[in-house]
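No value in this document is a laboratory result; all are computed from the given coordinates. Bear in mind the structure is a predicted one, so any value in this text is a computation, not a measurement. Note: ideal-geometry Cβ built from the backbone for every residue, glycine included; neighbour counts use all protein chains shown.
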Amino acid sequence: MKEQTENIPEHYFQRLEAEVRTYHASEDMQLLEKAYRTAALAHADQKRKSGEPFIIHPLQVALILAELHLDKETMAAALLHDTIEDTDISVETIEQEFGKEVLFLVEGVTKLKKTIQFEIEKDKLQRKEASLRKLLLATVEDVRVVIIKLADRLHNMRTLEFQKREKQIEIAEETMEIYVPIAGKLGIFQLKRELEELAFCYLWPKEYQTVQEQLAWRKKEDRKDIEEFIGEIEEMFAQINLRARVGVNYKNSYSIYQKMLTRECVMEEMYDIYSVSVILESFEQCYLAVGYLHNKYNPLPGRFKDFIALPKSNLYQAIHTTLISGQRKTIEVQIRTEEMEKTANIGILNYWKYSVGQSTKLEKMEWLRDILNWQKELEEENFTQFVKSRLSRQDKKIFCLTPHGESIALPYDSIVMDFAYQIHTRIGETIAYAMVNGKKVEPDTVLHNGERVRIVTGQRKKNFPYLWIEKTKTARARSKMLQFNRAQH
Ligand code: MN
């Protein structure tokens with residue numbers, strides 16, 4: 001009996017190895033094996049609430065990351081993620097045995113946990129607007145830290161049944177408020193969906209149950225219509241020699257529940273509860289398919305969205321349209337390529353191809369950069385900039401502090417103007433000078449990491465000097481200053 005229990009973690013490790021080999025054929029397992037053995041030894045006397053040996057938890061977290069095809073440093077860090085805090089292992093040992101990168105990630109996860117706890121407490125006290133998510137994202141130096149944390153949370157949610165009801169609610173609430181939106185921002189819908197579903201189930205068990213039952217009923221009701229519609233379009237695509245993979249996706253329970261709340265409508269009347277997906281080989285084919293679909297069925301006005309030409313900030317791409325089918329029913333159709341489908345599931349991870357295939361990596365990155373740059377001008381949020389800087393580690397960032405101690409992330413070599421516009425457009429427009437670490441400076445002064453910046457405003461009537469505009473490092477400051485100058489004429 002004892003022997004059997006001891007064997008279980010071993011099985012999980014074998015699964016992990018097998019999973020990694022599916023995408024890294026020649027992957028050297030030494031690092032993972034060593035991380036596993038070290039963590040298993042360190043956690044040897046600890047048990048989870050479920051009674052399982054503790055090491056099962058880090059193994060499961062690493063497995064979630066392997067399913068997302070992350071690199072081996074991330075998985076080694078996942079295996080070690082609870083050792084600094086909960087065991088006798090020292091930071092020095094991790095660095096010696098696993099190197100700087102793994103240590104950086106493990107420490108990042110440990111720090112992030114503390115920041116989150118601290119911010120939650122502060123939030124409760126000050127009832128401040130939840131800037132928490134932004135803060136978290138801005139303070140983390142490597143997006144992989146956030147991804148490990150998301151996987152950690154997912155496994156804790158999967159095993160939430162072993163916690164007391166009070167704790168379940170607390171953890172589920174935190175998941176809904178912090179982790180679900182972060183997963184969404186990063187476009188990792190595979191994680192977002194499951195986190196949200198589990199959190200919903202623990203927060204509102206009764207409502208969850210109701211939605212589940214009604215959903216099962218709707219699926220039965222819809223089946224004939226869907227099959228008929230899919231049959232029709234498959235035939236149409238076959239006639240024009242378009243190879244398409246057609247499927248159907250139901251919305252997850254939580255979004256259905258929200259729809260029920262906001263629209264006060266019952267499930268029978270919800271027309272966009274599912275969508276039909278059409279997956280093609282190239283983006284040209286996507287537009288071709290839309291053309292044919294609109295020719296065959298009437299599209300519902302105002303429901304056509306081209307996220308291929310205008311991707312969402314989490315990189316999601318597809319064409320959405322709602323058609324009125326032969327049965328006079330409306331059906332939402334989402335058209336995308338295989339590659340876009342992958343991005344729809346794993347978001348930025350699809351663009352982030354670690355240490356293998358350097359050249360394709362760079363190509364992708366350039367393309368990504370273009371999208372992000374373009375996006376930035378359309379959006380107020382500087383999140384895309386964050387993604388951009390995190391994707392390429394050469395792109396250095398600095399963090400400057402507001403007088404209230406909030407940290408503002410800026411590109412390397414940014415000037416006071418970049419900082420000012422990052423705070424607020426009005427602050428940028430009315431800037432007179434700035435106090436940097438208590439010293440008066442001009443608005444075109446270059447900022448350094450960790451400096452405390454206070455913007456002193458006045459009344460601006462003159463144009464911004466072109467020299468200042470040239471020195472800015474953020475597209476936001478640049479475009480706003482140009483805009484301001486144009487408006488002066
Ligand atoms: Mn953990």
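Summary table
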item: Derived scalar couplings ³J(HN,Hα) [the range 159-170; Karplus, 6.51 cos²θ - 1.76 cosθ + 1.60; whole Hz; x for Gly, Pro]; result: 10, 5, 4, 7, 8, 5, 3, 4, 5, 4, 5, 4
item: For the range 298-314, Karplus couplings with θ = phi - 60° (6.51, -1.76, 1.60), whole Hz, Gly/Pro x; result: 6, x, 6, x, x, 10, 8, 10, 9, 7, 7, 6, 10, x, 6, 5, 8
item: Sequence ranges 170-176, 240-246, ranked by mean other-Cβ count within 10 angstrom, highest first; result: 170-176, 240-246
item: Burial ordering of His320, His43, His81, His448, fewest other beta-carbon atoms within 10 Å first; result: His448, His320, His43, His81
item: Neighbour-count order for Arg153, Arg21, fewest beta carbons within 10 angstrom listed first; result: Arg21, Arg153
item: Stretchable slack from Glu174 to Leu467, in nm (0.36 nm times residue separation minus alpha-carbon distance); result: 100.8 nm
item: Compactness index (Cα Rg / 2.2 N^0.38 Å), the range 56-108; result: 1.07
item: The range 195-273-the range 90-111 distance, computed between alpha-carbon centres (Å); result: 44
item: Alpha-carbon Rg with Dmax, taken over the range 157-266, Å; result: 18.0, 58
